[in-house]
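Here the structure comes first, spelled out in structure tokens, and everything after it is commentary.
The values are calculated or read from the model by the stated rules, or taken from the named source; none is laboratory data. Since the model is a prediction, treat every value here as computed from it, not as a measurement. Quick reminder, even Gly has a Cβ in these numbers, built from the backbone with ideal geometry, and neighbours come from all protein chains shown. To get the accessible areas, we keep the full protein, side chains included, count just its heavy atoms, and leave off ligands, DNA and RNA. Shrake-Rupley method; radii C 1.70, N 1.55, O 1.52, S 1.80 Å.
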Amino acid sequence: MAICFELVVNFGDDAEAAQTAARIDPKPRVLRAGAHRIPLHRPMLAKVGSYIELSILPVAVSWGCGLDGSLPRFELTAAELTELGNQLYELLAQFHGYVAAKVGWDPESLVDPAELGCEWSEELNIGSIHGLVLCEELHAELDLSADYEVFQPGYRWIPYRGEDLTGD
């Protein structure tokens with residue numbers, strides 16, 4: 001089973017916005033993580049239940065990721081993963097038309113509105129899912145507090161605090 005560090009974006013049923021995002025040319029193509037220079041895999045689009053999901057994974061950061069083949073994995077510190085995560089959010093800021101997005105370890109369940117409303121409602125209400133970006137419509141539909149900050153026009157979030165490898 002793979003454990004992936006990635007940017008996951010839910011585009012709802014907006015295939016055009018998802019395809020536009022998948023074609024975006026990240027500048028630079030290689031992200032920084034401390035002294036490491038880490039390229040990105042080609043963005044992957046998939047139909048997940050009722051929505052279109054885009055995943056963008058840095059190369060050789062995840063555990064057991066088939067996309068990495070036999071490449072040796074980067075052993076990144078929490079600070080290096082945080083630096084990488086911030087750059088993935090910079091990439092996300094170039095996208096439009098999405099419903100929810102998150103950077104982190106296997107964040108797929110956190111971009112599904114149905115799971116957010118059922119399984120994560122308490123965490124959403126207290127604002128403990130740092131880095132979760134929601135469109136204004138979903139933020140209103142979930143009846144969340146005004147504590148969510150503006151990520152970019154049309155989107156709100158609890159700001160990303162970075163990665164903690166201690167499990168706390």
Per residue, the convex hull enclosing the alpha carbons of the stretch 49-104 has a volume in Å³ of 99 Å³
Paramagnetic reach from Ala114 in the stretch 28-55 [backbone N under 18 Å; point 7 Å along Cα→Cβ]: 46-54
Pull up all non-local amide H partners of Val48: gap of 5 or more, or a different chain, and H-to-H distance under 5 Å with H placed in the peptide plane. Glu53
Calc'd 3J(HN,Hα), the stretch 4-11, phi into Karplus 6.51 cos²θ - 1.76 cosθ + 1.60 (θ = phi - 60°), Hz, glycine/Pro = x, comes to 10, 8, 7, 9, 10, 10, 9, 9
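In whole percent, and with a 1.4 Å probe on the protein chains, what portion of the accessible area of the stretch 1-150 is carbon and sulfur? Present the calculation step by step, with values, prior to reporting the outcome.
Working: 4000 of 7470 Å².
Result for the stretch 1-150: 54 percent of the exposed heavy-atom area is carbon or sulfur.
Find the percent of Cα-Cα distances in the stretch 67-168 that exceed 22 Å, and round it to a whole number. Show your work: numbers first, answer last.
Details: 1694 of 5151 pairs.
So the portion of pairs separated by more than 22 Å is 33 percent.
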Which value, in Å² rounded to 10, gives the accessible area of Trp63 with a 1.4 Å probe and all protein chains present? 120 Å²
Paramagnetic label zone (point 7 Å from Cα along Cα-to-C-beta, Glu136; backbone N under 18 Å) in the stretch 79-115: 93-101
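For the chain, what is the accessible area per residue in Å² when the probe is 1.4 Å?
Working: 8600 Å² over 168 residues.
It amounts to 51 Å² per residue over the chain.
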What FRET efficiency comes out for Arg32 versus Asp147 if R0 is 30 angstrom and r is the Cβ-Cβ distance? Round to the nearest 0.05. 0.45
In sequence order, calculated HN-Hα J values of the stretch 115-125 (Karplus, 6.51, -1.76, 1.60; Hz; x Gly/Pro): 5, 4, x, 9, 7, 10, 4, 5, 5, 5, 5
Glu75-Ala15 pseudo-label distance in nm [points 7 Å out on the Cα-to-Cβ vector]: 4.6 nm
Below 15 angstrom from the Cβ of Asp147, what's the summed charge of the other residues (Lys, Arg +1; Asp, Glu -1)? -3
Assuming 0.692 mPa s and 37 °C, estimate D for the stretch 1-110 with Stokes-Einstein, Rh taken as the Kirkwood radius over Cα pairs, in µm²/s. 233 µm²/s
